[in-house]
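Report on the following structure.
FYI, it's all coordinate maths here, none of it is from the lab. If you're wondering where the values come from, they're calculated on a predicted model, not measured in any experiment. Note: ideal-geometry Cβ built from the backbone for every residue, glycine included; neighbour counts use all protein chains shown.
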Amino acid sequence: MMRRVAFLAVIVSASALAQAPPTPSSPAPPHQPPASVAGSWTITSTGPRGDTETQLIQLTQNDAALTGHFEGPHQSGGLDGIVNEQHIVFRTHTRWVLTFRGRVEGDRVDGRVMGKTIAGLFHTRNGTGQWQATKNW
C-alpha cells in the first residue's frame, strides 16, 4: 500500500511539473523598425559570369513596403519589395526579372537603421551574383 501511495505521489508531482508553464531563460529581443532605405541608390554588381555592372534604383518606402524604379545597362522598369528590420528584398518588373536580397547598414537613429549601404546576393535567370549599393546623398 505504501509503495502505491509513493508511486502515485511521484506521478502526480511529475504531472504537475509537466503542466507548469515554461519560464523563458531570456526575454525575446524587441522588434526593430524597418531600416530607412527611401531615396536614390547606386548598385555595383558582379554577375554569375563575373561581369561587373552599375545600376540605379530609386526607392519609395511606406513602413516596410517598397516601390520604385530600376535602371540598368540593358533594361529598366518598376520594382517592389519589403524591408524587415535590416533585411531587404526587392524584385524588378523588367523583361528579365532580377531579385535582390541584402542587409542594410547605417547609423541608428531612435532605434531605426538609416541606410547608407546595402550588400547581398541577386538572382537572375542565369544564376546568382553579388551586389553592393551606396545611397546617393
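Taking amide H as placed 1.01 Å from N in the peptide plane, L98 has its amide H under 5 Å from the amide H of T92, each at least 5 places away in sequence or on another chain.
So for each of 78-84, 124-130 I average, over its residues, the number of other beta carbons within 10 Å; can you give me the resulting order with the highest mean first?
On the way: 78-84: 17.4, 124-130: 13.0.
Descending packing order for the listed peptides: 78-84, 124-130.
At q = 0.11, 0.15, 0.21 Å⁻¹, what base-10 log of I(q)/I(0) does the Debye formula yield for segment 54-137 when every alpha carbon is treated as an equal point scatterer in vacuo? At q = 0.11, 0.15, 0.21 Å⁻¹ the computed log10 ratios are -0.28, -0.52, -1.02. Around the amide H of E85, modelled in the peptide plane, lie the amide H atoms of A35, all under 5 Å away and 5 or more residues distant in sequence or on another chain. In terms of other Cβ atoms within 10 Å, K116, K135 run from fewest to most in the order K116, K135. Once you reduce segment 66-106 and segment 35-55 to the center of their Cα atoms, the two points are 9 Å from each other.
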